[in-house]
Every structure is written in C-alpha cells, then in structure tokens.
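In what follows, a structure is listed as structure tokens, so that the remarks can point back to it.
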Amino acid sequence: MHSVWRLASRPDVAVDVASAGLACCSLEVEAAGQRGLLVASETVPHAATVTVLVVAGTVTTALEPALVRLFDEHAQRGPVIIVSFGACATSGGPYWDAPTVRPGIEVLFPGQEIASYVPGCPPRPEALVVELERLVDSRIPA
C-alpha cells in the first residue's frame with residue numbers, strides 16, 4: 001500500500017507512506033486511515049514531504065527481496081524513515097523460531113537506522129499516528 005497522508009497536527013507536511021503490510025498489523029495501518037486518524041492527501045508541491053516505510057507484520061525470507069526493493073525504490077528519491085510496526089516486524093513475533101522468518105527488519109537494511117519500533121501484537125492505529133507525528137516533528141520543525 002502506498003499513500004500520501006496528512007497529520008492533523010502538521011497539515012503543512014505530506015507524509016508519503018509506503019506500507020509493507022504483511023499480516024494482521026497491516027490492518028491496523030489501514031485502520032488509521034479509515035478511522036480518519038490520517039487524512040488521505042495529494043502531494044502538494046509546496047508542502048514538505050517525509051517518506052516513511054512502515055514494515056508491519058511477519059517478514060519471511062521469501063518476502064525479504066521485495067521489501068529491500070521497495071526501500072531502494074523510495075531511497076532513490078530521497079531519505080526514507082523506516083518504522084518497524086508490531087512484534088513480528090521487530091523480532092519475528094510468535095514465529096521467531098521458524099526457519100523462514102527473519103528475526104526483525106534490521107537484518108534487511110544493514111547500515112540503515114530503524115527510526116522507530118512500535119510495540120504491540122498488533123499495535124493500535126493511534127500508536128502509528130503518534131509515532132508518525134513524533135518522526136515528522138523531529139525532522140521538520142514546525
């Protein structure tokens with residue numbers, strides 16, 4: 001899923017979200033938009049834009065190349081903030097010992113900072129919004 005959202009607290013900033021929704025956590029990411037916590041928006045030429053890759057759900061060895069490719073596509077256009085959303089993306093969750101499950105997204109992006117780890121199984125949509133607000137505020141002063 002790829003969306004451009006506006007935060008109520010920062011309408012001057014477009015948040016370009018590339019959501020790598022892989023399991024139940026991805027439903028919580030979608031719910032943030034459906035509940036009106038995030039407002040869909042077109043990119044406005046004069047607005048500052050922050051690109052965020054939200055990895056939500058279990059990352060398997062089969063999905064790893066697609067996630068790396070998604071990051072690389074966005075990184076060609078500029079900086080990408082990476083967010084690990086939920087227990088599975090952070091540590092493998094309840095599937096941590098499966099041979100095909102990656103033990104967290106940091107192994108996919110060596111040398112890249114994971115800006116945020118949002119805990120939960122699954123985290124609430126509000127947790128995503130709070131974290132996006134924090135990340136935007138830390139990168140683009142009001």
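The values are calculated or read from the model by the stated rules, or taken from the named source; none is laboratory data. All values derive from a computational prediction rather than experimental measurement. Here Cβ is always computed from backbone atoms with ideal geometry, including for glycine, and neighbour counts include all displayed protein chains.
Here are the numbers:
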{"item": "For Glu42: the one exception among (1) farther than 20 Å from Arg139 by Cβ; (2) at pLDDT 80 or above", "result": "(2)"}
{"item": "Segment 53-65: number of residues that are in contact (Cβ under 8 Å) with a residue 12 or more places away in the chain, in a helix (DSSP H, G or I) and surrounded by fewer than 12 Cβ atoms within 10 Å (Cβ to Cβ)", "result": "0"}
{"item": "Selection status of Ala142, farther than 15 Å from Cys24 by Cβ, in a loop (DSSP other than H, G, I, E, B) and of a type in the set (A, V, I, L, M)", "result": "yes"}
{"item": "Test set (1) at pLDDT 90 or above; (2) assigned to a helix (DSSP H, G or I) - Gly33 fails condition number", "result": "(1)"}
{"item": "Counted residues, segment 113-137 - those being surrounded by 15 or more Cβ atoms within 10 Å (Cβ to Cβ) and in a loop (DSSP other than H, G, I, E, B)", "result": "2"}
{"item": "Looking only at segment 88-112, and only at residues there that are free of Cβ contacts under 8 Å to residues at least 60 places away in the same chain and part of a helix (DSSP H, G or I), the one that is surrounded by the fewest Cβ atoms within 10 Å (Cβ to Cβ)", "result": "Val107"}
